[in-house]
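The values are calculated or read from the model by the stated rules, or taken from the named source; none is laboratory data. No experiment lies behind these values; they were computed from the predicted model shown. Virtual Cβ from ideal backbone geometry, glycine too; neighbours counted across all protein chains shown. With ligands, DNA and RNA removed, areas are computed over all heavy atoms of the protein, side chains included. Shrake-Rupley method; radii C 1.70, N 1.55, O 1.52, S 1.80 Å.
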Amino acid sequence: ATLWPASMVLLKYLERHPTLFLQGQGTENQIKLVDLGAGTGITTIGAALLGASHCICTDGCSKVVQLAQENIAHAQEKLQSQIPSQTTETQPSSSSKTKIG
């Protein structure tokens with residue numbers, strides 16, 4: 001899989017415009033992302049970290065989808081290991097889950 005420059009440009013744009021995600025705080029206006037041709041899944045991971053309520057990561061190649069799944073799982077593990085011990089009992093909300101398929 002290739003990390004396309006456009007992925008990084010999109011992530012920088014989303015990072016610089018956090019109000020795009022803040023608009024979706026109500027149940028009717030939640031921000032949903034569909035990452036078509038996701039490759040490594042970096043855009044999906046970044047959007048989830050920036051506050052997207054639902055992310056769907058897709059690609060036409062099953063090997064690439066597997067790579068994206070592994071990258072997302074690795075990112076989730078890394079984030080879980082950084083949570084302070086006082087909050088490890090807290091379960092993430094369903095809106096923070098990433099769906100791949």
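For residues that are at pLDDT 85 or above and among the hydroxyl-bearing types (Ser, Thr, Tyr), scanning just the stretch 46-73, find the one that is least open to solvent (accessible area, probe 1.4 Å).
Filtering first and then ranking leaves 58.
Kindly establish whether residue 43 is surrounded by 18 or more Cβ atoms within 10 Å (Cβ to Cβ) and hydroxyl-bearing (Ser, Thr, Tyr).
yes
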